[in-house]
Amino acid sequence: MCGILAVLGCSDDSQAKRTRVLELSRRLKHRGPDWSGIYQNGDCYLSHQRLAIIDPASGDQPLYNESKTIVVTVNGEIYNHEVLRKSLPNHKFRTGSDCDVIAHLYEEHGENFIDMLDGVFSFVLLDTRDNSYIAARDAIGITSLYIGWGLDGSVWISSELKGLHDDCEHFESFPPGHLYSSKTGSFRRWYNPLWFSEAIPSVTYDPLILRKAFEDAVIKRLMTDVPFGVLLSGGLDSSLVASITSRHLAGTKAARQWGSQLHSFCVGLEGSPDLVAAREVADYLGTVHHEFNFTVQDGIDAIDDVIYHIETYDVTTIRASTPMFLMSRKIKSLGVKMVMSGEGADEIFGGYLYFHKAPNKEEFHQETCRKIKALHLYDCLRANKSTSAWGLEARVPFLDKEFIDVAMSIDPEWKMIKPEERRLEKWILRKAFDDEKQPYLPKHILYRQKEQFSDGVGYSWIDGLKAHAEQQVTDKMMQQAEHIFPHNTPKTKEACYYRMIFERLFPQNSARLTVPGGPSVACSTAKAIEWDQSWSTNLDPSGRAAHGVHNSAYERQPSGSNINIPAKIIGDMPRMIGVSAPELVIKS
């Protein structure tokens, strides 16, 4: 993923302003360490920090049409760019970059071309012929993007908060699936799938159609001119991604360039569930497997850096981002620039353990719709920013537009979890890849219970975080929390600890408003808590909070009590003084 920053209509074309834009753009250099570019037209500036994945030699940005009257700065990957090029026979392209088609499509179709793009993207396009501009973000919000407004009437667009939060009077998350046009000064939703209305679908489940749709989603993401691998936790989702990638890698351009043996990567505490399962899957698939071990203290030492990069104070996002942040650094050090990942399946298929309590198919489906719509605030944000912090790109085939259309058109009765019929969470996905003749995965991996990433890396990781927060946040601080943090008041010491770090890094009111709030159990929305009355007394985003479902669930606690944390864990936690570069043990 790259980093983009645009400052538009700032009424200042001075060298000092250009210098300031360059300074702010450098805050995004971790996203794109390969090259920097800037374009200025009067008081409009488009800057870019490039992570070169396609056409590393000539695809530097900003990008232009033939006459250089249309200028684009883009963060993303356009998987159907070769097809789009063929649809533009009268155009000459300056580079081999997949994003080069955007300026030319705008020339042909105006603002109405965005739904033609099959990929993930955030971009700003400046038409110098009338000094108008548009900005757009991909359907689900896989790429991160923010928009802000300056007191001088300027509009700012940035891949991350840190690119604009010091210079804007107000800023907010750029909504996924939307376009912003200077001609109207407003947003318009360009992504309008059938499932968005939350109407209950009725298509009969066909395992072969679902399988084919997901294999196609993985295959198209093998488009790369640089070394890549897969993130492999040993759970269903990442294991399927790894299995399909391994099957279809041979014969691709990527295999010709970098070899046909797939590299896989896993992170966890010593002996964690994910490490054990991932090792078994890697052996089964024959990947070159890399294990990264971290300690609870390694993770705690990195928390400040993690919050700076992922720009949230959401508890479950920080818990899961920290191991991914540490792993991404090690992966990049091995020369890998892109990884495939398994985000999105739990939202589409109701894979979180709380879905066991869905009362009917209507509520089940509506909850999946709510979860997909909120992905840009949670798992997409984590996957994008945890990896981009080290110049690594994560691709997520489960969130392919065409695959989502197929999966979300299935009658949700097929997705319902029915233990009495031996149908566990994500049953239709598991069944689609349960091939006796050419098995994709070992049976017990294919039917392994869901583990949230922050749990799977080792249960003591979350327990250790809670213990550390217990030492950093006093009871008196919690008593005053609603006055100190009136918006999204933290309810636990762990949440308060993260919030204090976030407020120090991003003190503006607009910043705190970009982070979602509300109660959650096992990653549910607030609405789904109504499914089980007991959940209201145990609001924790860990999957182990799903009482009666998770095999290692927390013990039930009386109302108002906290989870008991062993005294030894608390005693082993030194106070945090500063952030040091975490040291990880790598085994290949």
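The values are calculated or read from the model by the stated rules, or taken from the named source; none is laboratory data. What you are looking at is a predicted structure, and each value in this text was computed from that prediction instead of being measured. With ideal geometry, Cβ positions are generated from the backbone for all residues, glycine too; neighbour counts draw on all protein chains shown. SASA here: full protein model, heavy atoms, side chains in, ligands and nucleic acids out. Shrake-Rupley method; radii C 1.70, N 1.55, O 1.52, S 1.80 Å.
Odds and ends about this structure:
- Pairwise FRET efficiency - Glu169 versus Ser87, Cβ, R0 = 51 Å, nearest 0.05: 0.75
- Residues with amide H under 5 Å from that of Met340, placed H, sequence gap 5 or more: Gly229, Val230, Leu231, Arg395
- Sites listed here are trypsin sites (Lys or Arg not before Pro) in the stretch 128-164 whose DSSP assignment is loop and whose Cβ has at most 11 other Cβ atoms within 10 Å: Arg129.
- Kyte-Doolittle mean at least -1.0, axial Cα span of 27 Å or more - DSSP H helices of the chain: 315-333
- Reachable aspartates and glutamates, given that their alpha-carbon falls under 18 Å from the alpha-carbon of Lys476 and they are not under 8 places away in the same chain: Glu494
- For the chain, relative contact order (Cα pairs under 8 Å, six or more residues apart, normalised by length) works out to 15 percent.
- Of Lys330, Lys476, the residue with the largest accessible area leads and the full order is Lys476, Lys330 (1.4 Å probe).
- Among the protein heavy atoms, those of Arg247 account for about 100 Å² of accessible surface (1.4 Å probe, every chain in place).
- Percent accessible area from carbon and sulfur atoms, the stretch 335-377, protein chains only, probe 1.4 Å: 48 percent
- Nearest-10 value in Å² for the accessible area of His483, using the 1.4 Å probe: 130 Å²
- Span from the the stretch 271-350 Cα centroid across to the the stretch 210-254 one, whole angstrom: 17 Å
- Counting every C-alpha pair in the stretch 222-337, the share spaced more than 24 angstrom apart comes to 31%.
- Rounded if a/c under 1.5, otherwise prolate or oblate - the stretch 360-407, Cα gyration tensor axes: oblate
- Residue pairs exceeding 19 angstrom between C-alpha atoms, taken from Lys493/Lys527; Lys212/Lys361; Lys220/Lys337; Lys212/Lys401; Lys371/Lys527; Lys466/Lys491: Lys493/Lys527; Lys212/Lys361.
- Per DSSP, loop GluC sites (Glu not before Pro) in the stretch 240-306 with at most 15 further Cβ within 10 Å: Glu270
- A probe of 1.4 angstrom, applied to the heavy atoms of all protein chains, finds Met223 with accessible area near 40 square angstrom.
- Under 16 Å from the Cα of Lys86 - aspartates and glutamates, other chains or at least 8 residues apart: Asp98, Asp100, Glu107, Glu108, Asp118
- Surrounding net charge for Tyr79, when Lys and Arg each add one and Asp and Glu each subtract one, Cβ distance under 12 Å: -4
- Those lysines that a straight Cα-Cα span of less than 19 Å connects to Lys330, excepting residues fewer than 8 apart in one chain: Lys29, Lys385, Lys587
- The share of accessible area on the stretch 219-262 that comes from carbon and sulfur is 53 percent, using a 1.4 angstrom probe.
- In this structure the chain gives 37 Å² per residue of accessible area when probed at 1.4 Å with all protein chains present.
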